[in-house]
Structure formats: C-alpha cells, structure tokens
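The values are calculated or read from the model by the stated rules, or taken from the named source; none is laboratory data. Since the structure is predicted, the reported quantities are computational estimates derived from the model, not experimental observations. Neighbour counts run over all protein chains shown; Cβ positions are idealised from the backbone, glycine included. Surface areas here come from the heavy atoms of the whole protein model, side chains and all, with no ligands, DNA or RNA. Shrake-Rupley method; radii C 1.70, N 1.55, O 1.52, S 1.80 Å.
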Amino acid sequence: MENFPLINMEKLNGEERCATMDKIKDACENWGFFERFKEMVAAKALEGVNIEVTNMDWESTFFLRHLPTSNVSEIPDLGDEYRVLMKDFAGKLENLAEELLDLLCENLGLEKGYLKKAFHGSKGPNFGTKVSNYPPCPTPDLIKGLRAHNRTRMSIASFYNPGNDAVIYPAKALVEKEPAESEGVYPKFVFDDYMKLYAGLKFQAKEPRFEAMKAAESNVTSGSETKHSAFLIRSNKTNTEQKAEELYSIIKEMENFPLINMKKLNGEERGATLDKIKDACENWGFFELVNHGISHELLDMVEKMTKEHYKKCMEQRFKEMVATKALQGVKTEVTNMDWESTFFLRHLPTSNVSEIPDLGDEYRTLMKDFAGKLEKLAEELLDLLCENLGLEKGYLKKAFNGSKGPNFGTKVSNYPPCPTPDLIKGLRAHSDAGGIILLFQDDKVSGLQLLKDGEWINVPPMRHSIVINLGDQIEVRLDPVITNGKYKSVMHRVIAQTDRTRMSIASFYNPGNDAVIYPAKALVETEPAESERVYPKFVFDDYMKLYAGMKFQAKEPRFEAMKAAESNSIIKEMENFPLINMKKLNGEERGATMDKIKDACENWGFFELVNHGISHELLDTVERMTKEHYKKCMEQRFKETVAAKALEGVKTEVTNMDWESTFFLRHLPTSNVSEIPDLGDEYRRLMKDFACKLENLAEELLDLLCENLGLDKGYLKKAFHGSKGPNFGTKVSNYPPCPTPDLIKGLRAHSDAGGIILLFQDDKVSGLQLLKDGEWINVSPMRHSIVINLGDQIEVITNGKYKSVMHRVIAQTDGTRMSIASFYNPGNDAVIYPAKAVVEKEPAENEQVYPGKVPGKGTKVEVPGKGTKKQRDGNFPLIFMEKLKGKEGGATMDKIKDACQKGGFFDLCSSFSVMWLALVWN
C-alpha cells in the first residue's frame, strides 16, 4: 500500500501542476481511488478467518440528500447546529466534486464541463452523503465492516452522481480515439435503471452489471423520452457466476418486453404505437405504459401514503397472522395461501372507500382521485383495443356495462419479506377473471412474473409506469380463435422477496355483474364458416362465482364450464341442473318451460328460479340486513356454543349436531315475527314483506305443479289447508367458517318433511348439496335466484311421481354462508294422501304405494342416511293413532306391541300430522 496515490491539490496552482495531473490520471487508470490527506494509515489484515458473513455489513449509517432536493432538515435526531454544519460541508464538497470532474475532463481531452453536463438529468445531478460509523467488532474475521479494526471508525462518503433520468454512454470523443474493434464495449442506459440493478448486485463484480445494461440497451433512447430496461428479481444465491448467468438469461428474455409511450399516439408515430399495442396483446398479454397522463407527483404521493398505511396499520397484523398460522418455519410448499397483506377498494358501481377502516381522510381522498384517473385511462385503452380490431369506438366499454355500469375496484397489496419464497408464493399463479388491469407497482422491489412460452419471466419495475394486463373477459370478447389466436389473458404470479416489502396497487376495470359476455359479432362474422366459435356466452357474475373456486387453475376449464352452461347462462357442476326462467311462462315457451318444471320435479326434486317476480333490491336488502344481524347478535353466541361444546378441535365425526346458527320465523297461521328478540323494527318489517312475496310465489308454484299433474288449479293449496290454513315459516341460517368440515356438517343429510321449500341462499359462499343417483352434487349459488325443493308431502300427494330428495350443507373453512329457507307446509290437521287423479293414472301394480286416507298395498319408507327408497310389503306395520280412541283401541295396541317386538319400526299416521316416525326399541 506504500504507493497508494496521495494528491496534494495545492500543487495544482504552481509549477507542479502537470506532475500532479499525471498522478491523478495514473490514480484513475490504475487505482480507481485517490486520497488528499497529508497522512494515510495502512490497515493491517487479521488472520484466522473461518466462516465469512457475506450478506451484511458491520456499520451504523444514515443518509443525507443534498441534490436535487435536500432532506437534511427531515432526518431525525440531528441537532440544529449539526444540520447547518453538514449543509455547509456538503456545499464545499459539491464544489470540490465539480472541480475534480473538470480535472478528469482535462486529462481525457474533453471540453470543460462535459462530465458535469453529462451528469445533469432534468433536475440536475444527485448528490448525497452516507454518514457511517463502524463500531468495535468482536469477530471482524467473520463480519466485515469496512476493514478489520478495534476502535469505532467514522466515515463520511459523499456521492456526486448522475440525475435519475440522465442518459449515460461512452463519450463520443473517446470512442472515436479507440481502435474499431473496441467500439461498443460499454452500454448506453438511464442512470436510474442502472441503480435498480445495482441494488441487487452491489457486492459483486461490476462486469455483469455492464453486460446486463448492454443487453437491455436496445430499449433505451436519449432525449426527453422515458427509457426502459430489465431487471433481476433478487436471488438467494450468493455465487457471483450463478447470479451473472441467471441475469444474462433474464435480460435476454425481457429485452423486448413491450413499452408503450402514449405521447406517440398524438403524432406521426400513432400507427407504429398502435402496432406495438397490438403485438403486446397478441404475444404477451402485458405491456407497460409511460407518459400515460397521470402525474408523477400523484403517483409518488400514492406510493408514499400506501407504504405509510401499511407500516402503521397492517404490518403488525400480518406478522400476527404469520405467527398464528406457523408460517415462519414451513418446510414444505404452501399451496393454499399467499404471502400478502391486502385490502380492497370498490369504486364502481358504488364506492366503499369511506367505509374501509383505518384509512385517513387524506389517503381516502387521494385514492378516490387516483381511481378517477385510472378509470379514464382504462376506458382510453379499451378504445385503442377497439381501433386495432376494427370495432366501433366505445364497443368494449358498452359491452362491459351491466344495468349499473362496469365494476371497478382496487386491490392494495404489500408483500412483506418472506423467509421461504421458494415455499410460499407472494401470489400464486393465476390469470385475472376480469377485463383490463392497471398496475402501479413498486419500482424498487421486483417480484411480478408472467408465463410466456412455457417459462416464467420477470416484469421489470419502472418508476412512474403503469403495467397493463388483459383479463379473461377480453380474451372471450375478442375470441382468440376469431382473431387467429390473439389477445391473451396470461398466467402470472408474484415472488416474495427475502429482504424487502413490495408494494402493488392493481385496479380492475371489469364488466358489470349482469353484463353478458360473448365474442364480438363483428369479429365472428369475419371468420371462415368452418371456424367454430369455441368461447361461451355467459353472465359475468356467474363466471366470477366459478372463478372464486378455480382462480389458481388454468383458465381453459373455466371457459369449458361456462360453455357447457351457456344455454342457461349459469355455472353448474351438473350442466343439466334445472334452471327455470319464469318469464317464459307468459309466452310461446310456456309449454317447454312447464316440461322443464315437470322433469325437475320427477328427476331432481330441486330446481332454480330466475325472473320470479321478487325484486333484486328487496333480495339485496334481505341479504344485507340478515348478515348484519348475524354479526351483531348471533356470531358471538355461536362462538360461545362452539367453545362450550369443545367443537374446535374434534378428531372424529360429529353426527348429533350441525354447524349452523339459526332462528325461526313463523308467518302462518299466525306470525311470531314481532316476538323474536334482537330483531330491529326495520328488519322485522322487511322479513314480513319478504315472506308475503314468498307465500305468493309458493302458491303460484303449487298451481304449476297441479297443471303438470292434471289436477284442478288450487288442488295442492286446498290439500295443504287444515282448519287454520297452511303452515308457513322461515328458517334463517348462517354457517360460519368451520375448521373441520369433514367432521362436522353444516346441516346433516335429510329430506324436508313439509310441502314446498323456497331457498334464498348466499351467492358468494356455496355449500348446499343434493343426492342424485347415489352421488352428492353441489347446488351452485346464483345471485338473485330462488332455489326450490320438494318436501315429503309433495312426494306423498303425487304418489312418488315427484321426489323429495336427500340434501345437506357442507360448511366452508373460510367464509360464512347465509341461507334463508321458507317452508310452505300443510296445516297441522291437514290429511295427506295420494291424489286420486294421480293414482288413477298409475298402472294397477303401482296404485297408492303411499299412506293416506285409505291404506294401500304398500308403503315406501325413507331409511335415514341411505338416500334410497326401500319398498315395504303390505304387512309393514301402519298405525293409525285415531283408532286408539275407539273400538279398535285394543287391536291397535296389539299392532304396536307386535311391531316393537318383531321389527322395531312402524309407520305412525295421524290426522293431526302425517309423518313417519322411526321408533327403535332396544
């Protein structure tokens, strides 16, 4: 070290200037360092190194920014005198740095000021100071500070750097002096892009960084236009060669990633820019926008306040969640959750921004403003897609409009440092269900990857850009088969980082819930006749219900499911599950619709009604107030019940209770709605109104059944009337999240005892299943529909022609399911028996196989839990309770005794309540 270059700057002002300049030149060429102190102390390396620590430094630091703006007044814990001193010191160092740059220019044959000018971006150079202390270290052989030492060492390093948007490239005057074979050794790039790469590769050789920037050089242009290059997602590998190899492959993959400068749409380059957008939609499904019209100041403020909100309100919750789920030390891949902290803002059709807890007023206002600008940008992009496809302006926007307009919302995510990113994804691979997605992502921490040509490649973070990707609905509307395999919704994911939190603000411009999605007619008509349309027509809300359960799977099965259900515009796990559109009963399709009802009653015992005459507004209010009542009045009671019965940690199947929270409302023959505790007046009135409409619907349905059965209109309603009319009541149920749904059913398998049941169920959380052909089938939830099922009494009256089937509810692990089931049943003293008109149509051997007024030759009895009907012969014991009070009382008692002794089962019939009671005597 004895020859380490020492420069005495006083000598620049006298006879020794030339010799001093030569020393500076030699220092730059051969050392890269020089020092202008009168004394230089050489450090002594210590021996005995065993295991080196390579991922941290033994230093205590803080940073001061001087240019382009100063943060010295914002740094905490600095005294006023120290602040003034450091500002003065920085001013002198700045002057010294610029003097030194001019000395380098003189040595290189460049004009004075060339380097200073090269360092100037639009806001001038960057200039800042890193103040470091390296305290005494007990193991300097294992952890580097800067060098081995036994005292605290102070270091104040000031960095005079290019401005963020300064374009760096070899000086033309120097390149021209080089031999031809040396041209182009160094790249041309934007300084801020280099710094992003540097952040991940600081402690490695510089050559891979230069190679990376050179590979990305084709995407960088000079002047005022924004530049672009590609960056590495930080690896856990520490081997320099492995990182360099990984870096090269990523840079090659990403060098053509589509960057769209929207300013060019307003001039001569519009055509070329539209072609770039078209190519991006066809080959990537992603592209990145600059000069998009949203100010940098707004974006900076959104980023700042989002990160502040996470630190203040969400970071600790995330840590507690990680601790609760024991995710810190997982050893195997986690496939059922994501390493992210999120909240959701809805903007359209109505906003919930004012309802989200923990958001400050300033942040709420900011996010509303940001959403307004993103909404306009989304609609502008949709029109650009239309222009590229030859569709009229506004076509896609109109296609996305349901009755209440489009859906537009924002998912605000943070991906905290993850100790095992190879085992837990920040966000699992998926394609987006909706329309067009606008992402404002962290430009300092990467993580987003897309799947292209079978390989995962990184989407580079770029300051102030908006990343665009296309959702499934764009793929359907602009059918890739119709457009020769173009406009893709592609799989993507987020990889969490080990050392930093990544911010992501994704805004989704989606179709309205009731918007009908199908390939554009104008595109279909341009296709050859032999090109069959392979994309379905469906209601967007129906697609979203399917997507909720299949988000992290390939999109193709979703499209296939929608196509299979296209004729009904609804998702079903059984594509023929009966859906009845009651509007069709009033026109030419009445006959076909009646046939569908008949088939549903005979073969399913269930069907689903739409256009049933109950307004969507009423249904929405019923749902909202029912869920509010559960949260306020019943949720805590349910938790206490679970705790009291020790159900949280059951290990074996529970067969004597259901995982549900319920209350019952009676409407007919008399109402108890006013007597139920904890119901608010508004909710009581609402449920009375709802019950009235359901009662009318039930009686309308009974008449439709009569019509199909050849019975007089009103026959079933009259059959249900006891002396006080029918029974009509509502069971309001909630099925909370269940930790062991395989051991505790939401509601155990059963058939319903009564007449006709009208179910208004949660359309967001499924769970209802019916038994058909020996298999349990899901009854998929559909918004604003009413599910109908037939009870035992309908099966009796129709002599088994119409079925009362077994069904159950499976509780979910992660959502509370709402169910409002209304039962229109016979009156208590109604006498139930097979309808004569139905029995007379049966073959002689099937006459009256069900019990009733006049006992027939046989009885069908439901054996609980089996889901099948067992035919009993004419000797199966049938007990009429009325006979106990007359002359036949003794004989009837003997029959009961005989039944108990021989089989343990008998049918018990009463004019007060016709039911089968299975009595087992031990």
Next item on the list: Tell me the label-point distance for the pair residue 326, residue 169, using the 7 Å Cα-to-Cβ offset, in nm and rounded to one decimal.
Entry: 5.9
Notebook entry, point to check: For labels at residue 640 and residue 26 in the simple 7 Å Cα→Cβ model, what's the distance in nm?
Noted result: 8.9
Notebook entry, point to check: To the nearest 10 square angstrom, how much accessible area does residue 120 have with a 1.4 angstrom probe?
Noted result: 90
Next item on the list: Just flag the trypsin sites (Lys or Arg not before Pro) in segment 785-825 sitting in loop per DSSP whose Cβ has no more than 14 other Cβ atoms within 10 Å.
Entry: none
Next item on the list: Report, to two decimal places, the Cα Rg of segment 352-420 normalised by 2.2 N^0.38 Å (N = number of residues).
Entry: 1.52
Next item on the list: Please label the shape of segment 581-702 as rounded, prolate or oblate, based on the square roots a ≥ b ≥ c of the eigenvalues of the alpha-carbon gyration tensor (a/c under 1.5 means rounded; beyond that, a/b larger than b/c means prolate, else oblate).
Entry: oblate
Item checked: Rounded to whole Hz, the Karplus (6.51, -1.76, 1.60) HN-Hα couplings of segment 423-431, x for glycine and proline -> 10, 10, 6, x, 8, 5, 4, 6, 9
Next item on the list: Pop a pseudo-label 7 angstrom from the Cα along the beta-carbon direction at both residue 15 and residue 95 and give the gap in nm to one decimal.
Entry: 2.9
Note to self: Only four residue types carry charge here, +1 at the Cβ of Lys and Arg and -1 at the Cβ of Asp and Glu. Report the dipole size of segment 353-441 about the Cα centre in Debye, rounded to the nearest 20.
What the structure shows: 220
Margin query: Please list 65, 493, 637, 153 from largest to smallest accessible area, probe radius 1.4 Å, with all protein chains kept in place.
Written below: 637, 65, 153, 493
Next item on the list: Could you list which residues have their amide H under 5 Å from that of residue 811, counting only those 5 or more apart in sequence or on another chain, with H placed in the peptide plane?
Entry: 746, 747
Next item on the list: Once you have the Cα-Cα distance between residue 85 and residue 337, take 0.36 nm times their residue separation minus that, and quote the gain in nm to one decimal.
Entry: 85.5 nm
Item checked: Placed amide H near residue 448: partners under 5 Å, 5+ positions off or other chain -> 459, 495
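Taking a 1.4 Å probe, which of 86, 154, 195 shows the most accessible area, and what order do the others take after it?
Descending order: 154, 195, 86.
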Next item on the list: Could you pull out the pairs from 801/887; 632/724; 196/263 whose alpha carbons sit more than 28 Å apart here?
Entry: 801/887; 632/724
Note to self: 5 Å is the cut-off here: which amide hydrogens, built 1.01 Å from N in the peptide plane, fall below it relative to residue 153, excluding neighbours closer than 5 in sequence?
What the structure shows: 134
Next item on the list: Specify the inter-centroid distance of segment 589-630 and segment 741-767, based on alpha-carbon positions, in whole Å.
Entry: 15
Note to self: So for each of 893-902, 426-435 I average, over its residues, the number of other beta carbons within 10 Å; can you give me the resulting order with the highest mean first?
What the structure shows: 426-435, 893-902
